[in-house]
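Remarks on the structure that follows.
The values are calculated or read from the model by the stated rules, or taken from the named source; none is laboratory data. Source: prediction; values computed, not measured. Ideal geometry is used to build each Cβ from the backbone, glycine not excepted, and the neighbour counts take in all protein chains shown. Surface areas here come from the heavy atoms of the whole protein model, side chains and all, with no ligands, DNA or RNA. Shrake-Rupley method; radii C 1.70, N 1.55, O 1.52, S 1.80 Å.
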Amino acid sequence: MTQTGQPTRRERQREATYDEIVRVSRELLVAGAELSLRAVAARMGMTAPALYRYVSSYQDLVDLVAFEIDKAATARFAAAADTLPPDDVAGRLVLSTTEFRMWALDAPREFGLVFANPVADPVCGRREALTLSSSGLLFTDQMRAIWEQRRFPVPALEDLTETARTSVLDPLIPAESEGIAPEDRGLMWVYMQGWTQLYGVVALEVFGHMDPRLIESGDMFVDVLTRFAPTIGVTDEMPRLEVLVRERIARG
């Protein structure tokens, strides 16, 4: 950066190269081609060694591309929520999660890169990238808004296993915990439950491990949302929320 806070020409060029790496990688994914350092370099007209100045390994490439895909997709999820008023916190969460499902079905390879890429090493950069997940932060913020409006009950710390208790007191998930009192940290467990159920049903749909008729109708997705509704205190809202979900699914 210059003293005026503006990026230098070299910094702008470097950022432009990162943008091109992400764009080319996404083109490869959409085309069904292999995502590799060699393939990205070839499409950019670079040598593989030149690309190493920007991404030092395949995992670095995945981290970069996955983070940017998630950030772009999250803007779509947030835009879906913004079609409703700010105080319709339950509707906003449901529309965002439904948009997540629709995006995943539309872009299965991008979904797979972001959410199905394993984290083998607990100290690898990808784990850090996951804690900064834009979509994770959006969904947990939306659940927190419901909790602040409705104050649905959350598990007491003493009712959680030792490992679960540690995970909510020192979370590694993408969630803002500031301002949540220790006695209310069971809310983090609700976040984890919600994500597990959402990801579980969407992943099964995306990878075709479900009756295709249920994927087309969205019935299993709706069922998961309905069964989670009591956990976040919105059971009374489900008839209206289901209409929102099914209307979005019908639009394709």
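Of the residues ALA66, ALA81, ALA75, which is modelled with pLDDT of 95 or more, buried (at least 19 other Cβ atoms within 10 Å of the Cβ) and within 23 Å of TYR199 (Cβ to Cβ)?
On the way: ALA66 fails: modelled with pLDDT of 95 or more; ALA75 fails: buried (at least 19 other Cβ atoms within 10 Å of the Cβ).
Every option except ALA81 fails the conditions.
So which of GLU158, GLU242 ends up being part of a helix (DSSP H, G or I), more than 17 Å from GLU99 (Cα to Cα) and modelled with pLDDT of 95 or more?
Details: GLU242 fails: more than 17 Å from GLU99 (Cα to Cα).
None of the other options fit; the residue is GLU158.
Scan the range 143-179 residue by residue and report those that are open to solvent by less than 50 Å² (accessible area, probe 1.4 Å) and without any contact (Cβ under 8 Å) to a residue 12 or more places away in the chain.
Result: SER177, single match.
Can you tell me how many residues within the range 195-243 are in contact with a Pro (Cβ under 6 Å, 6 or more places away or on another chain) and polar (S, T, N, Q)? Spell out how you get there, then give the answer.
Quick first cut of the range 195-243, residues in contact with a Pro (Cβ under 6 Å, 6 or more places away or on another chain) only: 206.
Within this subset, residues satisfying the condition of being polar (S, T, N, Q) are none.
Residues flagged as in contact with a Pro (Cβ under 6 Å, 6 or more places away or on another chain) and polar (S, T, N, Q) within the range 195-243 amount to 0.
Take PRO174 and decide whether it is farther than 24 Å from VAL94 by Cβ, modelled with pLDDT under 95 and not aromatic (Phe, Trp, Tyr). Working first, answer last.
Numbers: farther than 24 Å from VAL94 by Cβ: no; modelled with pLDDT under 95: yes; not aromatic (Phe, Trp, Tyr): yes.
Here the answer is no, as PRO174 does not meet what is asked.
Quick test of your reading of the structure: ARG14 fulfils all but one of (1) over 22 Å from LEU113 (Cα atoms); (2) touching a residue at least 40 places away in the same chain (Cβ under 8 Å); (3) in contact with a helix residue (DSSP H, G or I) (Cβ under 7 Å, 6 or more places away or on another chain). Name the failing condition by number.
With (1) over 22 Å from LEU113 (Cα atoms); (2) touching a residue at least 40 places away in the same chain (Cβ under 8 Å); (3) in contact with a helix residue (DSSP H, G or I) (Cβ under 7 Å, 6 or more places away or on another chain) applied to ARG14, the lone miss is (3).
Would you point out which residue out of GLY218, GLY194 is in contact (Cβ under 8 Å) with a residue 60 or more places away in the chain and of a type in the set (Gly, Ala, Ser)? So that I can check it myself, show each step before the final result.
Numbers: GLY194 fails: in contact (Cβ under 8 Å) with a residue 60 or more places away in the chain.
Criteria check complete, one pass: GLY218.
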